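The values are calculated or read from the model by the stated rules, or taken from the named source; none is laboratory data. Computed from a predicted model, the values in this text were never measured in an experiment. A quick note on method: Cβ atoms are made from the backbone with ideal geometry, for glycine too, and the neighbour counts reach across all protein chains shown. The protein model used for the area step is the full one, side chains on, heavy atoms only, and it has no ligands, DNA or RNA in it. Shrake-Rupley method; radii C 1.70, N 1.55, O 1.52, S 1.80 Å.
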Amino acid sequence: MFSLSERDLEGHILGCGDGPASFNAELTQRGGRILSFDPVYQFSADEIHGRIQRVYPGMIAELARNAAQYYWTSFKDPGHLGSVRMSAMNRFLDDFEKGLDEGRYIEASLPELPFFDGEFDLALCSHLLFLYSEQIDAAQHIEALTEMCRVANEVRVYPLLSLDGRLSQHVPGVLRYFNERDYVAELKPVAYQFQKGANDMLFLRRPGV
């Protein structure tokens, strides 16, 4: 979903609002450098596991209700997708305590991050910004993206659809705001195909990088 190249994977990556995802564990296993932040990392592995168990049935039911909004090619059906996601979350849980000790999981949240300017080569944000466009307004999107651009040379955000399955109303304003300030701000197509209409990611690079 982020069109990551081998060169991208060799850089220092920041996962923004990663939650119980397995990317950190998987990239670390293959020798990559990654740090993930999320407010949920304040909880223990057992507490996070309990939260997953509570929301999992609802997640599957929601996917089943809205099955027509997705391409069922990589996954057979909502149950298959659920099992894949649960496997990924279990991989995260197996890695979580070790990752905390190694400083790979940090409790933090946008729009203020405890990192140095340009500390990361690439910041990735999945299923947070734009998705919750009703809860996070345009100004908050801009503030969060500006902070991500401060700490990383390049920022990629996917998907750009809000919860109703339509392109977020904040996308045009965000592009305009950053392009007027000499950032590189554009939409780039991705090969990943699951949610219908989620064909692009936001690509941002701050001035002078």
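One table, with the values for the structure above:
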item: Those helices (runs of 4 or more DSSP H) lying entirely in the stretch 1-119 with at least 1 residues charged (D, E, K, R) and under 26 Å from Asp164 (Cβ atoms); result: 45-65, 78-101
item: Residue list for the stretch 172-183, restricted to those being surrounded by 14 or more Cβ atoms within 10 Å (Cβ to Cβ) and either touching a Phe, Trp or Tyr at 6+ places or on another chain (Cβ under 8 Å) or not in a helix (DSSP H, G or I) (or both); result: Tyr183
item: Selected residue (criterion: most open to solvent (accessible area, probe 1.4 Å)) from residues of the stretch 189-208 that are under 29 Å from Lys76 (Cβ atoms) and outside any loop (DSSP other than H, G, I, E, B); result: Pro189
item: Residue list for the stretch 113-131, restricted to those being closer than 19 Å to Leu187 by Cβ and surrounded by fewer than 23 Cβ atoms within 10 Å (Cβ to Cβ); result: Leu122, Ser126, His127, Leu128, Leu131
item: Of all residues making up the stretch 32-56, the number that are closer than 26 Å to Gly197 by Cβ and open to solvent by 70 Å² or more (accessible area, probe 1.4 Å); result: 1
item: Residue count for the stretch 148-171, restricted to those that are open to solvent by 30 Å² or more (accessible area, probe 1.4 Å) and either in a helix (DSSP H, G or I) or in contact with a Cys (Cβ under 8 Å, 6 or more places away or on another chain) (or both); result: 1
item: Counted residues, the stretch 17-31 - those being open to solvent by less than 20 Å² (accessible area, probe 1.4 Å) and over 13 Å from Leu124 (Cα atoms); result: 3
